[in-house]
Amino acid sequence: MRFSILVVAALVACLTTPAFAFDAVATGKVRVIEASYVPDQVNFQLDTAVGACPAGAWLNWVPTKSTDAKNADSVNAVYSLVTTALASGKGVTVYVTNTNCMVNFIYLQSN
């Protein structure tokens with residue numbers, strides 16, 4: 001009986017775990033930023049591979065907000081983050097979808 005309760009509890013825990021929409025995570029230094037697509041998206045390169053995306057591949061961050069104004073604000077925030085990382089030499093951690101090197105999440109590191 002006790003084992004059955006543990007099995008059910010484990011199954012419930014698995015079912016309530018959120019599904020993340022990324023394939024790989026890595027931390028690296030920003031080497032190049034492509035500003036031509038702002039305010040629609042931010043494209044940049046890292047010095048390290050992220051999953052199936054080799055070092056130097058274009059990583060793309062595209063906003064998913066509900067309005068154009070919110071999207072523009074999101075793009076400006078991410079553009080500022082990668083510009084800060086490039087200028088300061090600090091690393092960024094990215095969570096990426098392998099099939100199109102799409103960045104789902106990006107974090108500026110303190111190192």
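Among residues of the stretch 25-40 that are over 27 Å from residue 70 (Cβ atoms), those with a beta-carbon under 8 Å from a residue that is hydroxyl-bearing (Ser, Thr, Tyr) at least six positions away or on a different chain give the pairs 26/48; 26/93; 27/48; 27/93; 28/48; 29/48.
When 28, 89 are screened for being surrounded by fewer than 13 Cβ atoms within 10 Å (Cβ to Cβ) and modelled with pLDDT of 95 or more, only 89 passes. Being under 14 Å from residue 26 (Cβ atoms), among the β-branched types (Val, Ile, Thr) and surrounded by 13 or more Cβ atoms within 10 Å (Cβ to Cβ) holds for only one residue in 62, 50, 82, 75, and it is 50.
Can you name every residue in the stretch 77-111 that is assigned to a strand (DSSP E or B), within 20 Å of residue 40 (Cα to Cα) and either among the hydrophobic types (A, V, I, L, M, F, W, C) or without any contact (Cβ under 8 Å) to a residue 12 or more places away in the chain (or both)? If the condition is that a residue be assigned to a strand (DSSP E or B), within 20 Å of residue 40 (Cα to Cα) and either among the hydrophobic types (A, V, I, L, M, F, W, C) or without any contact (Cβ under 8 Å) to a residue 12 or more places away in the chain (or both), then 94, 96, 102, 103, 105, 106 are the ones that fit.
The values are calculated or read from the model by the stated rules, or taken from the named source; none is laboratory data. Predicted model only: the values in this text are computed from it and were never measured. Quick reminder, even Gly has a Cβ in these numbers, built from the backbone with ideal geometry, and neighbours come from all protein chains shown.
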